[in-house]
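Undergrad: Before I ask anything, let me first share the structure, which is written out below as structure tokens.
Quick note: the coordinates plus some simple rules give every number you see, no bench work behind them. These numbers come from a predicted model, not from an experiment. With ideal geometry, Cβ positions are generated from the backbone for all residues, glycine too; neighbour counts draw on all protein chains shown.
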Amino acid sequence: MKKIHLTKLRYFVLTGAVIAVAAADFTNTGIGTFCNMCPVGFMQVTAASRSIPQGMLTGVAVFTAVAYLGGRFFCSWFCPTSFISRITGIQNTAAAKTAGYFVKYIPHAILAVSVIASFFLKFPVFCLICPIGIFFGFIFAVLKIFHVFEPSANLIIFPIILTVELIFFRKWCSCICPVSLIMRLIAKIPGYKIRPSVNQSTCLLTQGLQCNQCANNCKEKIEVTKADKEFIEKCTNCMDCVEQCPTNSILPGIKRR
Amino acid sequence: MKLTRRTFLSAAAAVCVSPDSLFADNKEDTLLRPPGALSENSFLARCNRCQKCVQICPTNIIIPASFEHGLLKANTPVISFKRSYCNSCLKCSEICPTGALQPVTKETLDIGLAVIIEKDCVAWDWTGCTVCVDNCPTKAIFLDEYKRPVIIPEKCNGCGICELKCPSISLRSSILGKGIIVRKRPSDAPPRKAETVISTKEENIEKNTSD
């Protein structure tokens, strides 16, 4: 049976999004960027302006619904940070399992500090350093050349910020990113979840063989066969385990968990 | 100094706690914002840099601000009349998802106020140039008794056609800037009067193609 190359498909999703954003710029249709469905941006703008940004409600609602079903779906399929770290080979590693209590709550602290700081400083604070926003800022800096025919400092500074963030903070996604934290928190709500599920009858591990290909290839260091609480919370639905399973025992599926 | 993670973090923290000194470029408080923009501080509080207005602008005059205006303002939308002008379609003010740009009508549209740069305006030292007067869709510029352009602040909506069309640079090799530039309306300038009639988008286009 020919394997489905879902991981290859992943690259086309972000590339497609970038093409759509650029095409919208040239055809003058305002589709915006990921910023319009960002729950962190929504919270910060609400805090900074002391009013609810009505236009963002739909986007945030869709994002929340998708996060409820697919967990950290955005991280592996849409996020430019994971895309860049994959293509450049900078491993955006998950936090170690033995990480202390302190490390575990850094994203919570960053989210709280960003929202509180936004309230007092009256501008969305985390947006300034958010790598997702900076990635699209770079795309728009490139598009700007076609409109005013002159390059701007953004063309150099945005890639520098992105590089610094990805090189100095290898564990950005699991230890800093508040967007990822929000998706983890939403994923905790019980109900129907789309996650890779293991067919125990064909899995080599249940037959006593030392396979463990799924866990070894997982970027989030999840023991896929265990399907515990951590799995539901951390899984990004990247489908690496589905692709790596030698017996095709892992398939994406919807289950009540 | 070796840039370790710790020094980077502490530098980042220092930047975060003192935004006024490091981000806010006070002399740059004159950035032209898209139509319907709130006052600069409320605008920065609401703008989530989603770039919808940049994408939707049919004349591509809305561009993301560069880092030269400070980290805080980087990527927020600003107006540039280098290649085009505002045709007052007002799509940007309608699409803004956060309310940083409030819906405006053609009567209340007020991007800025055109200012004559007397040292660069050809008509100020040598009569004959009437390009800005001819192009103004709101009839906000008239020629005084010496044939020099004068702006009526109540009528000007800052659409930028005058700045775009100003030929001063090509007329004199000694002139390095445009003779008329749209700037943010100063607080002491009279506000725009709502009853001013603005020519429609079609008329503007017709006017420009006939030039």
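Undergrad: List, in the order given, every pair from A:K193/A:K229; A:K171/B:K52; A:K144/B:K178; A:K188/B:K52; B:K82/B:K106 whose Cα-Cα distance in the structure shown is over 24 Å.
TA: Over 24 Å Cα-Cα: A:K171/B:K52; A:K188/B:K52.
Undergrad: From Cα coordinates alone, what are the radius of gyration and Dmax values for the protein assembly as shown in angstrom?
TA: 26.6, 100
Undergrad: Take the alpha carbon gyration tensor of the stretch A:169-210, find the square roots of its eigenvalues, order them as a ≥ b ≥ c, and report rounded if a/c is under 1.5; if not, report prolate when a/b exceeds b/c, else oblate.
TA: Taking the square roots of the gyration eigenvalues as a ≥ b ≥ c, the stretch A:169-210 is oblate.
Undergrad: Using a 10 Å cut-off around each Cβ, can you sort A:K193, A:K188, B:K155 from fewest to most neighbouring Cβ atoms?
TA: The most exposed by this proxy come first: A:K188, B:K155, A:K193.
Undergrad: Going by the alpha-carbon gyration tensor, a ≥ b ≥ c the square roots of its eigenvalues, is the stretch A:6-187 rounded (a/c under 1.5) or, if a/c is not under 1.5, prolate (a/b greater than b/c) versus oblate?
TA: Rounded shape, in that the Cα axes give a/c under 1.5.
Undergrad: For a quick check of your reading of the filter: which GluC sites (Glu not before Pro) in the stretch B:134-163 sit in a DSSP loop and have no more than 11 other Cβ atoms within 10 Å?
TA: B:E145
Undergrad: Report the net charge of residues surrounding A:T46, where surrounding means a beta-carbon distance below 15 angstrom and charges are Lys +1, Arg +1, Asp -1, Glu -1.
TA: Overall, the nearby charge balance is +3.
Undergrad: By the scheme Lys and Arg +1, Asp and Glu -1, what is the net charge of all other residues having a beta-carbon under 12 Å from that of B:R46?
TA: +3
Undergrad: Evaluate the Debye formula for the stretch B:113-200 with equal point scatterers sitting on the alpha carbons, no solvent, and hand back log10 of I(q)/I(0) at q = 0.21 Å⁻¹, in q order, two decimals.
TA: Taking Cα atoms of the stretch B:113-200 as identical point scatterers yields -0.97.
Undergrad: When only Cα pairs under 8 Å and 6 or more residues apart are kept, what is the percent relative contact order across the stretch A:36-161?
TA: The normalised contact order for the stretch A:36-161 reaches 27 percent.
Undergrad: Net charge around B:G36, counting only other residues with Cβ within less than 15 Å of its Cβ (Lys, Arg = +1; Asp, Glu = -1)? All intermediate terms of the calculation are to be shown ahead of the outcome.
TA: Values: positive: B:R33, B:R46, B:K52, B:K91, B:K106, B:K184, B:R185, B:R192; negative: B:E40, B:E94, B:E107, B:D110.
Net charge around B:G36: +4.
Undergrad: Compute the distance from the alpha-carbon center of the stretch A:47-73 to that of the stretch B:147-192, in whole Å.
TA: When both Cα centres are located, 43 Å separates them.
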